[in-house]
1. Which value, in debye to the nearest 20, describes the size of the charge dipole of the range 160-203 about its Cα centre when Lys and Arg Cβ atoms bear +1, Asp and Glu Cβ atoms bear -1, and nothing else is charged?
2. By counting other Cβ atoms within 10 Å of each Cβ, how are 247, 197 ranked from fewest to most?
3. Past 31 Å, Cα to Cα, is the threshold; run 163/230; 202/252; 121/147; 202/231; 172/202 against it and keep the listed order.
4. In square nanometres, what is one fourth of the surface area of the convex hull spanned by the alpha carbons of the range 79-144?
5. Return the sequence-ordered ³J(HN,Hα) values of the range 124-135 in whole Hz as given by the Karplus equation 6.51 cos²θ - 1.76 cosθ + 1.60 applied to θ = phi - 60°, using x for Gly and Pro.
6. Under 5 Å between amide hydrogens, which residues at least 5 positions from residue 149 or on another chain qualify, with H placed 1.01 Å from N in the peptide plane?
7. Given a cut-off of under 8 Å on Cα pairs at least six residues apart, what relative contact order in percent is computed for the range 111-165?
8. If I histogram all Cα-Cα distances within the range 121-252 using bins 5 Å wide from 0, what percent of pairs lands in each bin?
Amino acid sequence: MLMSTPRVSALVFTIPLSMFCVCFCKERKYLRKLILGPRHLCLFLFFETGSFCVILAVRKLKQKDGELAPFSITPEQWGNFLCTIFDEWVLNDVGNYYIQLFDSTLANWVGQQPGVCSLAKYCGHTAVMEFNGDVYACDHFVFPEYKLGNIYQKTLVEMMYGKEQETFGVMKHNSLPQQCLNCSYEFACHGECPKNRFMLSKDGEPGLNYLCKGYYQFFDHVAPYMDFMKKEYLAERAPANVMEWARERRNK
Ligand code: SF4
Ligand code: SF4
């Protein structure tokens with residue numbers, strides 16, 4: 001963590017639509033801001049237990065047949081969603097509510113390893129084991145070509161540090177289209193998760209992330225605040241000082 005010990009932790013992450021069933025909401029300020037979104041943006045949970053807080057957002061993209069689900073979030077909606085939460089957070093909650101994606105963005109801004117694999121330069125640390133002991137490179141890539149072995153035949157260390165997993169890990173960066181390599185925010189985005197890279201770049205190259213536009217909007221929106229927090233962090237001051245700066249900036 002880049003900031004002081006968290007009193008409350010917050011995460012923004014995605015789950016399949018089918019997992020949504022109940023909504024508990026004691027703390028309503030984020031909900032109030034986000035309820036204005038379309039159907040999949042309205043569907044999120046906000047648990048507030050005093051020690052742990054979670055925001056879940058639906059971002060279902062592809063169906064089994066490989067087609068984009070009709071209710072999938074658009075890149076623009078994803079960008080608006082992130083910016084809306086960020087605007088609330090940067091004014092009031094930095095250092096109190098830890099939002100994984102924002103924390104990881106700041107980590108990339110200051111040259112540290114982000115806490116979420118999707119914003120890391122390389123993959124390879126989120127293998128998954130099936131009920132029968134088969135281990136795969138990632139829970140988003142449970143396909144025969146990404147099988148690392150079986151726990152009854154190989155140790156986890158052998159599989160996680162083997163050549164196959166290394167190749168899978170570096171593929172995230174090595175397969176980026178030129179548009180990403182030229183992007184001002186490549187250092188923060190890294191093309192996001194390869195599972196979402198099924199679009200053509202503006203030059204017609206395959207492998208652009210479907211959510212590119214939304215991520216670009218988000219990184220562009222938060223850049224001044226990230227620059228400020230980076231300056232504070234490097235000067236060994238609290239990045240949370242950004243809240244006061246953000247309020248002054250907003251009132252100008
Ligand atoms: S494929 Fe996606 S989910 Fe898997 S390790 Fe890479 S970034 Fe993370
Ligand atoms: S914002 Fe778009 S172009 Fe830039 S690195 Fe991310 S996916 Fe690539």
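Laboratory data are not the source of any read-out in this text; all were calculated from the coordinates shown. Treat the numbers as computed from the prediction; the structure is a model and nothing was measured. Here the Cβ is made from the backbone with ideal geometry for all residues, glycine too, and neighbour counts use every protein chain on show.
1. Working: 5 positive and 5 negative charges, 20 e Å.
Dipole of the range 160-203, to the nearest 20 debye: 100 debye.
2. Working: 247 12, 197 21.
Ordered by Cβ neighbours within 10 Å, fewest first: 247, 197.
3. Working: 163/230 35 Å; 202/252 37 Å; 121/147 22 Å; 202/231 34 Å; 172/202 19 Å.
Checking Cα-Cα distances, 163/230; 202/252; 202/231 exceed 31 Å.
4. Numbers: hull surface 25.7 nm².
Approximately 6.4 nm², given one-decimal rounding.
5. x, 10, 10, 5, 9, 10, 7, 4, 8, x, 5, 10
6. Hits under the 5 Å cutoff: 135.
7. Working: 57 pairs, mean separation 13.7, N = 55.
Relative contact order here is 25 percent.
8. 2, 10, 15, 14, 12, 12, 12, 11, 7, 4, 2, 1, 0
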